[in-house]
Amino acid sequence: MSGPEKEIVIEDPAAPAADSPPVAGTRSVDIAVSLLLLAFAGLLGWDNWRTGIGWDAAGPKPGYFPFYLSVILAGACLWGLAKELRARKQPDAPFVSRAQLRRVMQVFVPTVAFCVLTQWLGLYVASFLLIAGFMAIIGRIAWWKSLLTAFVFAAVMFLTFDVAFDVIMPKGPLEAWLGR
Amino acid sequence: MSEAFGLLLYGFGVLLTWKTLALMMVGLVLGIFVGVLPGLGGPNGVAILLPLTFTMDPTSAIVMLSCIYWGALFGGAITSILFNIPGEAWSVATTFDGYPMAQQGKAAEALTAAFTSSFIGSFVAVLLITFLAPGIASFALRFGPPEFFAVYLLTFCSFVGLGREEKHKTIISMTLGLLLAGVGMDTVSGQLRMTFGSAELLRGINFLVAVIGLFGISEILLTMEERLALRGHAAAISLRTVLRVWKDLPRYWVTLLRSSVIGCWLGITPGGAIAASFMGYNLAKRFSKDKESFGKGRIEGVFAPETAAHASGTSALLPMLALGIPGSGTAAILLGGLMVWGLNPGPLLFVEHKNFVWGLIASMYLGNVVGLVMVLSTVPFFAAVLRVPFAAIAPMIIVSCAIGAFAIQNAMFDIWLMLVFGVVGYVFKKIGIPLAPFTLALVLGNRAEDAFRLSMIGAGGDLRVFWSNSLVGSITTLAVVLLFWPLISAVVSRLRGAKA
């Protein structure tokens, strides 16, 4: 026997329910993405055509290479569209269920908020707020634990990057007040 | 041979300073962490921790980063065996027999087997790099732009032809990467392209920012979507277990050797580690006298895929060092790192930056040995990391990603870009558009385009330059064959069927 064998069990009470209805099918998302990429290919193709797709004394013009890439991209998108549209009678796999989307938003929305806050308050304060808030509100972890963890993490990051490695992050009023 | 040996000793000389050794240990610990934590893995771990190295000299930086990578590889095996959760796609095959072993109370044996075989696989690959890479590099010194373009073409075509994904999705992923690589100032003419008047886009789209978003942020989104409950086994490894497993090793030498060879071979071609681990496993099963016992906790079923995966993961660095073409996602990120530190990847590296190259190769030897010892002795500690709730880990990873993205160019815009790539990565993964070709295309795009345009200038616009001598001609032809490989093999099998 090699040491005591124990079980490690971690529960996830807020797990998305398996029977949650799908928000969108994989095929519809696939088609939407293909259309978007097709439009993107069109935009880039047009821009490169404007830059110049021909040849001059110095070989191919700057737009040459990317122009033909956008043509290939558009071709691959059309191929995919045709394939998905032909298969539209067959059953579709769910892309994401409502419960899953809720969970994804629970992390995505705070992340966007964190990015906005970083612009105003600096990265360290924003990360303190993100970690403390996420742990306490979404993870339902005790407030004191959340605040402490967030503070320690932000402080360690600050000491590692700003002090030890001279990698400068966006800063806000708090750092200015502290004179850093 | 003896020359490579001398250079290797020189590399060890570069490496053996307290500072470098300390960085190695830090890198290994961080790497194992990254490998064990859900929602992080080799490539994103390396990408996120890259900013730490910006102010270091290139040699210390690459030593630390490659140790993060070794650590992540070792760490992935822990979750596969104890929790049946493969940290990376190439650890999937390890769960087939590793988890059943853990269930039978043989977790320590399985872990020892996994770590030992990873070590053996990487070791064989490092030997290969030591003796083969300098030769390939000096051969490649004779390459001109047409040869380089042909090699890039070969890389891209082999992704399309040999990948398991739907072909058009691979092409979408690759052309998108190549296009985004072209955004910003054109390196040949100095003209602006695809910037649409935006000052932020002048700098171009940074490869590392894209990687952090595609792998880091999107992985968090995907992890949240799943059930996060875990059920697994705790294990500690005693010296006696280690010695017992090692004593049996010679019995499996055929499996180990076979998997190492498969791994090295597939590692040099892009995207091979996943295929290598499955192939290693399947071949071990096919050649075994007792096929039935596979999947029920047979130690050989751990040896085979782990050796192959790690041989492949390590040998992926060979084309990166010798030719400047990464053989895997992580190698691509290390290549991005080289550029940040002001080194120009490619065959000249062996001539101009001996310190760097041989320091790196020596660190592969040392990192592997130290990593093996470390991981064997600290498993219980790292398995406990999984007890930390995801609600605490997720925001910390997000913050680390943001720090990484910002630090590359000191630009707030890059944090937003990272977020966009996070969403793109999430959607692409769910609809089956592979991300590896995108990553590779984004990092190689400019160099491929430059090579193409320089060849065209040299040849006066004649495309026949890519068949102008036997070397470039055979590479280009091979590329075209690989591109149409699915068609060719279909035709061949139909002809065979008609004959029979």
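Can you name the condition, by its number, that residue B:297 falls short on among (1) at negative phi; (2) modelled with pLDDT under 85?
Residue B:297 satisfies all of (1) at negative phi; (2) modelled with pLDDT under 85 except (1).
Out of the residues in the stretch B:412-437 that are more than 10 Å from every other protein chain (Cβ to nearest Cβ) and open to solvent by 10 Å² or more (accessible area, probe 1.4 Å), which is nearest to residue B:225 (Cα to Cα)?
Only one residue fits best here, namely B:429.
Does residue B:123 count as buried (at least 21 other Cβ atoms within 10 Å of the Cβ) and touching a helix residue (DSSP H, G or I) at 6+ places or on another chain (Cβ under 8 Å)?
Considered against the rule, which asks whether it is buried (at least 21 other Cβ atoms within 10 Å of the Cβ) and touching a helix residue (DSSP H, G or I) at 6+ places or on another chain (Cβ under 8 Å), residue B:123 comes out as no.
Would it be correct to say that residue B:373 is farther than 29 Å from residue B:157 by Cβ and away from chain A (no Cβ under 14 Å)?
It is true that residue B:373 is farther than 29 Å from residue B:157 by Cβ and away from chain A (no Cβ under 14 Å).
With the requirement that a residue be within 18 Å of residue B:452 (Cα to Cα) and open to solvent by 20 Å² or more (accessible area, probe 1.4 Å), what does the stretch A:69-83 give you?
A:71, A:72
Tell me which of these residue B:379 doesn't satisfy, since it passes every other one: (1) at the interface with chain A (Cβ under 9 Å from one of its Cβ atoms); (2) crowded, with 20+ Cβ neighbours inside 10 Å.
It is condition (1) that residue B:379 fails.
Quick one: residue B:472 ticks every box in (1) among the aliphatic types (A, V, I, L, M); (2) touching an Asp or Glu at 6+ places or on another chain (Cβ under 7 Å); (3) open to solvent by 10 Å² or more (accessible area, probe 1.4 Å) except a single one, so which number is it?
(3)
Limited to the stretch B:54-92, what total is found for residues that are within 14 Å of chain A (Cβ to nearest Cβ), of a type in the set (Val, Ile, Thr), assigned to a helix (DSSP H, G or I) and surrounded by fewer than 24 Cβ atoms within 10 Å (Cβ to Cβ)?
Final tally of qualifying residues: 0.
Residues in the stretch B:128-141: is at least one open to solvent by 40 Å² or more (accessible area, probe 1.4 Å) and under 17 Å from the mean Cα position of the chain (by Cα)?
The answer is yes, given that some residue of the stretch B:128-141 is open to solvent by 40 Å² or more (accessible area, probe 1.4 Å) and under 17 Å from the mean Cα position of the chain (by Cα).
Do the conditions hold for residue A:121, that is, is it at pLDDT 85 or above and more than 7 Å from every other protein chain (Cβ to nearest Cβ)?
yes
Only one residue in B:132, B:178 is among the hydrophobic types (A, V, I, L, M, F, W, C), at the interface with another protein chain (Cβ under 9 Å from one of its Cβ atoms), in contact (Cβ under 8 Å) with a residue 40 or more places away in the chain and more than 30 Å from residue A:20 (Cβ to Cβ), so which one is that?
Only one candidate qualifies: B:178.
Please find, within the stretch B:438-463, the residue that is nearest to the other protein chains (Cβ to nearest Cβ) out of those that are at negative phi and open to solvent by 50 Å² or more (accessible area, probe 1.4 Å).
Checked the stretch B:438-463; the qualifying residue nearest to the other protein chains (Cβ to nearest Cβ) is B:457.
Just one of (1) within 30 Å of residue B:238 (Cβ to Cβ); (2) touching a residue at least 12 places away in the same chain (Cβ under 8 Å) trips up residue A:7, so point out which.
That leaves (2) as the condition not met.
Taking the conditions exactly as written (within 30 Å of residue B:347 (Cα to Cα) and touching a Ser or Thr at 6+ places or on another chain (Cβ under 8 Å)), does residue B:141 satisfy them or not?
No, not satisfied.
I want to confirm something. Restricting to the stretch B:93-108 and keeping residues that are polar (S, T, N, Q) and within 13 Å of chain A (Cβ to nearest Cβ), which single residue is surrounded by the fewest Cβ atoms within 10 Å (Cβ to Cβ)?
Step by step, filter the stretch B:93-108, then rank; the result is B:104.
So if I check each of B:173, B:158, which one is more than 8 Å from chain A (Cβ to nearest Cβ) and open to solvent by less than 10 Å² (accessible area, probe 1.4 Å)?
None of the other options fit; the residue is B:173.
Condition test on residue A:79, is it of a type in the set (Phe, Trp, Tyr) and more than 10 Å from chain B (Cβ to nearest Cβ)?
no
Considering only the stretch A:124-141, state which residues are open to solvent by less than 40 Å² (accessible area, probe 1.4 Å) and at pLDDT below 90.
Selection gives A:139, A:141.
Condition (residue is more than 30 Å from residue B:423 (Cα to Cα), in contact (Cβ under 8 Å) with a residue 12 or more places away in the chain, more than 11 Å from every other protein chain (Cβ to nearest Cβ) and assigned to a helix (DSSP H, G or I)) applied to the stretch B:189-210: is it met by at least one residue?
No, because not a single residue in the stretch B:189-210 is more than 30 Å from residue B:423 (Cα to Cα), in contact (Cβ under 8 Å) with a residue 12 or more places away in the chain, more than 11 Å from every other protein chain (Cβ to nearest Cβ) and assigned to a helix (DSSP H, G or I).
Under 6 Å by Cβ, and 6 or more places apart or on different chains, what pairs join a residue from the stretch A:106-131 that is in contact (Cβ under 8 Å) with a residue 40 or more places away in the chain with one that is among the aliphatic types (A, V, I, L, M) and open to solvent by less than 20 Å² (accessible area, probe 1.4 Å)?
From residues that are in contact (Cβ under 8 Å) with a residue 40 or more places away in the chain, the pairs are A:118/A:126; A:123/A:169; A:124/A:154.
Only one of these is more than 18 Å from the chain's Cα centre (by Cα), within 26 Å of residue B:44 (Cβ to Cβ) and part of a helix (DSSP H, G or I): B:283, B:372. Name it.
Matching residue, one of B:283, B:372: B:372.
Every residue, every condition in (1) part of a helix (DSSP H, G or I); (2) buried (at least 22 other Cβ atoms within 10 Å of the Cβ), yes or no:
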site	(1), (2)
A:47	yes, no
A:50	yes, no
A:67	yes, yes
A:85	yes, no
A:89	no, no
A:101	yes, no
A:112	yes, no
A:115	yes, no
A:120	yes, no
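Among the listed residues B:6, B:11, identify the single one that is in a helix (DSSP H, G or I) and open to solvent by less than 10 Å² (accessible area, probe 1.4 Å).
B:11
The values are calculated or read from the model by the stated rules, or taken from the named source; none is laboratory data. Note that this is a predicted model, so its numbers are computed, not measured. Because the Cβ atoms are built from the backbone with ideal geometry, glycine has one as well, and the counts that use them run over all protein chains shown. We work out accessible area using only protein heavy atoms, side chains counted, and drop any ligands, DNA or RNA first. Shrake-Rupley method; radii C 1.70, N 1.55, O 1.52, S 1.80 Å.
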